[in-house]
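The values are calculated or read from the model by the stated rules, or taken from the named source; none is laboratory data. Keep in mind that what you see is a predicted model, and the values were worked out from it rather than measured. No Cβ is skipped: glycine too gets one built from the backbone with ideal geometry, and neighbour counts run over all protein chains shown. Heavy atoms of the whole protein, side chains included, go into the accessibility calculation; ligands, DNA and RNA do not. Shrake-Rupley method; radii C 1.70, N 1.55, O 1.52, S 1.80 Å.
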Amino acid sequence: MPLEAGLLEILACPACHAGLDDRSAAENPELVCTGADCGLAYPVRDGIPVLLVDEARRPA
């Protein structure tokens, strides 16, 4: 289930403060940082983004 557009406008990566790309419609829902040097992927659990750096997946 995709997140509301209004919510995505105010959310930012906690590590670098860049915007987030919504990939919550995928099999493994997540929000991916759009920062060039960051790229962390934050999980979305039960429709709630978990914006904790310790919970984020590092880019491959």
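Can you tell me which residues in region 23-35 are of a type outside the set (Lys, Arg) and at pLDDT below 90? It would help to see each step written out before you state the result.
Our first condition is that a residue be of a type outside the set (Lys, Arg); within region 23-35, this holds for 24-35.
Result: Ser24, Ala25, Ala26, Glu27, Asn28.
Which pairs do you get when a residue that is exposed (fewer than 15 other Cβ atoms within 10 Å of the Cβ), found in region 11-30, comes within reach of a residue that is at pLDDT below 90, reach meaning Cβ atoms under 7 angstrom, with the pair 6+ apart or on two chains?
Filtered contacts from region 11-30: Ala25/Pro2.
Which one is nearest to the chain's Cα centre (by Cα) among residues in region 31-52 that are open to solvent by less than 60 Å² (accessible area, probe 1.4 Å) and farther than 17 Å from Leu3 by Cα?
Of all residues in region 31-52, those open to solvent by less than 60 Å² (accessible area, probe 1.4 Å) come to 31-33, 35, 38-44, 47, 49-51.
Checking which are farther than 17 Å from Leu3 by Cα leaves us with 35, 38-40.
Numbers: Gly35: 11, Cys38: 12, Gly39: 9, Leu40: 7 Å.
Per the stated criteria, the residue is Leu40.
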